[in-house]
Amino acid sequence: MNESSFVPAGTRGLVLREGLLWEKGKPGRSAMSIPESGVPSASLPDDLAGPGPDWPNLSEQEVARHYTRLSTWNFGLDTGMYPLGSCTMKYNPKINEILAALPGFARAHPLLPDEAVQGELRLMHALEEYLAEITGLAAASLQPGAGAHGELCGMLMIAAYHRNAGSGRTKILIPDTSHGTNPASAAMCGFEEVKIPLGPGGYMEAATVRSLLTDEVAGLMVTNPNTLGLFESDLADVISLVHDRGGLVYADGANLNAIMGYADLGRIGVDVVHINTHKTLSTPHGGGGPGAGPVVVSRTLAPYLPGPRVVKNENGYGWNHDLPLSIGRIHGFYGQFRVLVRAYAYILSLGPELKKASALAVLNANYIKESLKDLYELPFDRPCMHECVFTDGRQKAVGVNTLDIAKRLIDLGFHPPTIYFPLVVNGAIMIEPTESESREELDAFIAAMRQVAREAEENPDLLLQAPTATKVRRLDEVSAARHPLLTGDMLY
Ligand SMILES: *Cc1c(COP(=O)(O)O)cnc(C)c1O
């Protein structure tokens with residue numbers, strides 16, 4: 001790799017000052033020309049009359065410029081590499097968008113009779129089967145609207161299972177590498193979290209789990225590969241221990257992108273897993289949506305799946321509402337349908353090549369890990385899965401920390417990786433390149449990271465000032481969160 005070949009991506013140029021539409025509007029301007037109304041005007045009844053909303057008045061060109069400028073302020077996958085660990089920002093094929101926009105899908109109403117939506121139902125039925133096959137489990141529900149919602153759904157099923165068995169188990173074992181949503185989901189179902197401390201190898205150890213297991217434990221909630229990007233090497237043993245003691249196992253499947261076609265979760269003994277279709281199965285996400293977090297379950301938990309369930313019957317496809325053990329509906333209608341269309345399209349377009357996607361995701365992460373570990377501290381030096389975690393351990397000595405490194409990467413044209421997560425590693429820098437970056441792009445990112453490490457030694461001030469090539473510099477993130485300014489005062 002040639003270190004001098006790195007050229008910053010297009011982060012410099014015109015800085016367009018952009019106010020709010022309300023600040024730009026002038027009374028009397030309009031972006032519409034509609035013909036005179038032929039209907040006489042009438043006043044609203046008193047209880048509906050009022051001053052009305054304070055809409056800004058602007059010309060069409062002002063509106064077009066405003067939104068076009070704002071759109072260039074976005075950073076997205078179609079702009080550049082987005083190595084955000086734990087989030088799987090992979091390429092979202094455009095064919096998914098075309099298919100999700102087909103009028104038959106886009107205009108379908110959830111209240112249409114079954115016979116009018118046979119295509120939709122067939123798609124949902126097939127997608128459930130594909131998800132079962134990909135995970136090695138028995139049955140699926142597409143209802144949950146996000147990963148965390150899938151966790152909640154899985155925990156509700158585990159609670160229902162124990163209730164049905166007449167046991168009042170109250171505790172859930174959760175490794176301390178877990179995503180913050182895991183303990184939150186368990187707590188929302190009334191469970192108490194019991195933390196499993198991390199073993200020295202970067203994974204939970206069977207012996208530790210054995211010592212924490214009691215008859216009060218309802219189950220285990222585990223992310224595999226874990227949030228350090230490492231495979232839970234003791235998982236099969238841990239699961240036998242939990243099952244032997246009467247508990248069930250929830251797998252957080254947000255990291256499925258590392259193991260598709262390689263790890264059979266059914267054989268490992270998982271009882272329920274959620275899939276972040278928006279991560280692993282390609283839907284543009286971030287900024288809070290959209291997503292879908294289907295759950296896939298073992299035979300044991302299948303009767304508890306949310307209802308109604310899509311079924312194949314003598315008339316084609318329809319809904320089964322007769323589910324006595326089901327936890328019931330957890331979503332209005334049937335889930336985030338058009339996100340699911342994208343997942344379906346992605347699975348069909350890759351087919352068995354899904355396995356290759358995982359292989360390349362793992363290869364790319366290991367390539368980055370090996371290319372940077374001479375300059376950045378690597379807390380667990382073993383082969384990683386789809387992401388690798390460094391720290392600012394070496395840079396701290398010169399007063400540079402993870403945040404400074406992340407900010408400097410912005411100047412060099414890259415979206416920063418995930419920082420300060422997972423919490424079990426101090427100053428974590430978590431990099432997930434995904435399978436969709438080319439060798440050249442990976443090399444450019446590595447060169448940028450190497451440049452930042454060199455600058456930390458030679459010119460730490462540069463990093464402390466960064467970013468300098470952006471429209472705004474370091475924002476006061478704490479004040480922004482605590483006292484958000486929603487009235488449109490200018491930032492400049
Ligand atoms: C992203 C993620 C989640 C939460 O998924 P959302 O779709 O954002 O709700 C849960 N666990 C892990 C490990 C994740 O990376």
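For K312 and L325 in one chain, what is 0.36 nm times their gap in residues minus the Cα-Cα distance, to one decimal in nm?
2.7 nm
Using each residue's phi in the range 474-480, evaluate 6.51 cos²θ - 1.76 cosθ + 1.60 at θ = phi - 60° and report the 3J(HN,Hα) Karplus result to the nearest Hz, with x for Gly and Pro.
So the Karplus estimates, Gly and Pro as x, are 6, 8, 7, 5, 5, 4, 4 Hz.
Subtract the Cα-Cα distance of S33 and A138 from 0.36 nm times their separation in residues, and report this length gain in nm to one decimal.
Answer, rounded to one decimal: 32.0 nm.
Label the chain by shape, choosing from rounded, prolate and oblate, from the square roots a ≥ b ≥ c of the eigenvalues of the Cα gyration tensor; if a/c is under 1.5 it is rounded, and otherwise prolate applies when a/b is larger than b/c, oblate when it is not.
Oblate, since a/c reaches 1.5 and b/c is not below a/b.
Averaging sequence separations of C-alpha pairs under 8 Å and six or more residues apart, then dividing by the length of the range 358-482, give the relative contact order as a whole percent.
28
I need the phi-derived Karplus couplings for the range 259-268: 6.51 cos²θ - 1.76 cosθ + 1.60, θ = phi - 60°, integer Hz, Gly and Pro marked x.
For the range 259-268, the Karplus curve yields 10, 4, x, 10, 10, 9, 5, x, 5, 5 Hz.
Please report the antiparallel percentage of the DSSP beta bridges confined to the chain, to the nearest 5.
Within the chain, antiparallel bridges account for around 55 percent of the total.
Taking the beta-carbon count within 10 Å as an exposure proxy, list T470, T88 from fewest neighbours to most.
Ascending Cβ contact count within 10 Å gives the list T470, T88.
Near the amide H of E192, under 5 Å away, which other amide H atoms are found, from residues 5 or more places off or on another chain, if H is placed in the peptide plane?
So E192 has HN proximity to K171, I172.
Take the cross-link list K373/K407; K369/K471; K94/K355; K369/K396 and give me the ones stretching past 25 Å between alpha-carbons.
Violating the 25 Å Cα-Cα cut-off are K369/K471.
Enter the Cα centre distance for the pair the range 281-345 and the range 217-232, rounded to the nearest angstrom.
Between the Cα centre of the range 281-345 and that of the range 217-232, the gap is 24 Å.
With each label point set 7 Å from Cα along the Cα-Cβ vector, what nm distance links N74 and E457?
Here the modelled spin labels are 4.0 nm apart.
Which whole-number percentage describes the relative contact order of the chain, with Cα contacts under 8 Å and a sequence gap of 6 or more?
Once normalised by length, the contact order is 19 percent.
Just to be sure I understand the model, the point goes 7 Å from the Cα along the line to the Cβ. What's the resulting R474 to R122 distance in nm?
Each label point lies 7 Å from its Cα, and together they span 5.9 nm.
Rounded, prolate or oblate for the range 97-352? Axes are the square roots of the Cα gyration tensor eigenvalues, ordered a ≥ b ≥ c, and the cut-off for rounded is a/c under 1.5.
The shape class here is prolate.
Could you give the DSSP H helices of the chain that reach 24 angstrom or more along their long axis (alpha carbon positions) and whose average Kyte-Doolittle hydropathy is no lower than -0.5?
118-135, 147-164, 354-372
Determine, for each peptide in 320-327, 221-228, the mean count of other beta carbons within 10 angstrom over its residues, then list the peptides with the highest first.
221-228, 320-327
Grab the beta carbon distance between L48 and W22, set R0 = 22 Å, and tell me the FRET efficiency rounded to 0.05.
0.35
Each value in this text was obtained by applying a stated rule to the coordinates, not by laboratory testing. Since this is a predicted model, take the numbers as computed values, not measurements. Positions of Cβ are generated from backbone atoms using ideal geometry, with glycine treated the same way; all protein chains shown enter the neighbour counts.
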